[in-house]
Structures are given as C-alpha cells and as structure tokens.
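The values are calculated or read from the model by the stated rules, or taken from the named source; none is laboratory data. In this text the structure is predicted, and so the values were computed from the model without any measurement. Cβ sites come from the backbone with ideal geometry, for glycine too, and all protein chains shown count toward neighbours.
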Amino acid sequence: MIILNEIEFLEPKEIIPHEEPSIEKLNALISKIKNDGFINHPILTTKIKNKIIILDGTHRFFALKNLNVKFIPIQLVNYHKKRIKLSSWAWQFNVNQEFKNFLKTFDLKITYDIRMPKNYEILIKSKETFLVKFSDKFKFLNFLNEIKNLHYERVLREHISEGIIFPKLNHNFFLFLAKNNLKIPSGITRFKVQNRILYLKVPLNVLNDGKLIFEFKEHLKNRKFRIYEESVLVFEE
C-alpha cells in the first residue's frame, strides 16, 4: 500500500525536533520502551525545504536517541498535500494576578478584540478574557520558553474554560526554528493527519541493524491493518 511507503528509518541527526521534551515524561517513556522492548508508533514527520521536521513524537524521538539506537522509525508525510491540518492546544490553568503581573514583564500589546489568536498572539481566557499580541516572533518565542514550567492541563481549544489558547503556527515558523536550532515547549502545536500509521511495534534490536530493518519492512507488507476514515477516541495509556 502507498501509505506504507511513508515509513522510513533515519539516523537521529537527520531529524529535527521543534519542541523541547518534558524531562518527567521523557524519563517515563524511556523506562516504558526499555521494558516493552519495542517502540509502538513511528515519529510523525514532514519535509520542509529539505529539512525533516518532527510534527508529533518529540518524546519518542528523544527517548530513542537516549537509548542510542542507530535508526529512528518515522512516517514522512507530504506537507503540501491536504492530509495535514494545523491546529494548536490550549493550556488550562488558573489565571491569577501573579500570572497577569508576569505578562506585564514582556513587550506586548493587550487588546479586548476577542477572537482566535493568529501568529505571535495568544488568547487568555479568564473572568476577563483578552488577546495578547507580541511584536515579533523572537519575543513570542521568548515568552513560550518562559512559561514551559507552568503547571497546566493540555486540552482542546474548544474545551478550555481558563488559561491560554495558542495560535496555529505555520510552516514558516517551524522552518525558522529548524534553521536557528530553536525549540518551543511541548504541548503547544497540534497536527491532524489523515492516514496516520500507529502500532508499528518496532523491536529495539531492529533499530540497530540495517538488515533487520529491511526484513521488518518486508514483513510489514504482510501485516493486517485497518484504515479509519472517521474520527476516533483513544484513551491515553
């Protein structure tokens, strides 16, 4: 099947993450992969101007890199086809006066033009909802990295009652991060991808042997799979 041709095995140095992992989540995932003896899902990636950038799977990427595997399983999706939809997450937390005072330390503009945020903007939802505009991407990036240690719950934009709604960042921003070796905190960007490949279950020993990778890819051709066109709900492990 054509979609299976999107599965590739690349050296870690060929793959560029755009997010910083959470150390707590990363350590838990490293332990899980060690105990399981395999990696469940391939890293979701795309190619933008000859750079292979991670869309989803930052923690899996860094976990495998930490385990010193030679190759990383990826699904390489064409960015310019309509299978990828850009979105973002929201962070649910208590917007107290301390956080509002923290906001004032940045070079930004606050308006009460309530709408979904665009590039370099965030929407703060609270008793007093307002839009925050940063003057450029560097100040926006600085803000994102300053809030990475906030205690929050990641939720869908439409489900948030109080906290931050992030903008849908475009491919130019990801390219800017890649070119400058910069990252944003995990839990901000969200990508909806049609025909995403899950439960590949690649044994760790395969990721250190080119011959075993070839055999694994041949074996994939005979594995049964299901394609879901409709939306599904999956409980996290």
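Structure notes:
- If the condition is being among the polar types (S, T, N, Q) and either under 14 Å from the mean Cα position of the chain (by Cα) or closer than 18 Å to V193 by Cβ (or both), then segment 54-88 contributes T58, Q75, N78, S87, S88.
- Annotation for segment 103-110: no member residue is over 20 Å from N208 (Cα atoms), among the hydroxyl-bearing types (S, T, Y) and in contact with a strand residue (DSSP E or B) (Cβ under 9 Å, 6 or more places away or on another chain).
- Residue count for segment 33-73, restricted to those that are of a type in the set (G, A, S) and closer than 22 Å to T189 by Cα: 2
- Looking across I164, I147, one residue alone is of a type in the set (A, V, I, L, M), crowded, with 19+ Cβ neighbours inside 10 Å and assigned by TED's automatic domain parsing to the domain that holds Q92. It is I164.
- Hits in segment 57-87 (condition: touching a residue at least 60 places away in the same chain (Cβ under 8 Å) and either in contact with a Pro (Cβ under 6 Å, 6 or more places away or on another chain) or crowded, with 20+ Cβ neighbours inside 10 Å (or both)): T58, H59, L64, V69, F71, I72, P73, I74, Q75, V77
- Test result for V69, in a loop (DSSP other than H, G, I, E, B), of a type in the set (A, V, I, L, M) and within 29 Å of N208 (Cβ to Cβ): yes
- In segment 219-228, the condition of being part of a loop (DSSP other than H, G, I, E, B), surrounded by 16 or more Cβ atoms within 10 Å (Cβ to Cβ) and either assigned by TED's automatic domain parsing to the domain that holds T58 or in contact (Cβ under 8 Å) with a residue 60 or more places away in the chain (or both) is met by no residue.
- Among (1) of a type outside the set (G, A, S); (2) without any contact (Cβ under 8 Å) to a residue 40 or more places away in the chain; (3) assigned by TED's automatic domain parsing to the domain that holds L144; (4) not in a helix (DSSP H, G or I), the one test that F99 misses: (4)
- So K34, is it of a type outside the set (A, V, I, L, M, F, W, C), under 17 Å from the mean Cα position of the chain (by Cα) and surrounded by fewer than 20 Cβ atoms within 10 Å (Cβ to Cβ): no
- Test set (1) in contact (Cβ under 8 Å) with a residue 24 or more places away in the chain; (2) in the same structural domain as E128 (by TED's automatic domain parsing) - I52 fails condition number: (2)
- With respect to the stated conditions, P42 is in contact with a Gly (Cβ under 9 Å, 6 or more places away or on another chain), in contact (Cβ under 8 Å) with a residue 60 or more places away in the chain and surrounded by 14 or more Cβ atoms within 10 Å (Cβ to Cβ).
- Candidates I39, I53, I7, filtered to the one that is modelled with pLDDT under 95, of a type in the set (A, V, I, L, M, F, W, C) and within 23 Å of N222 (Cα to Cα): I7
- The strands (runs of 3 or more DSSP E) found entirely in segment 129-212 that carry 2 or more residues being aliphatic (A, V, I, L, M) are 130-134, 153-156, 163-165.
- Segment 23-46, residues that are within 12 Å of L67 (Cβ to Cβ) and assigned to a strand (DSSP E or B): F38, I39
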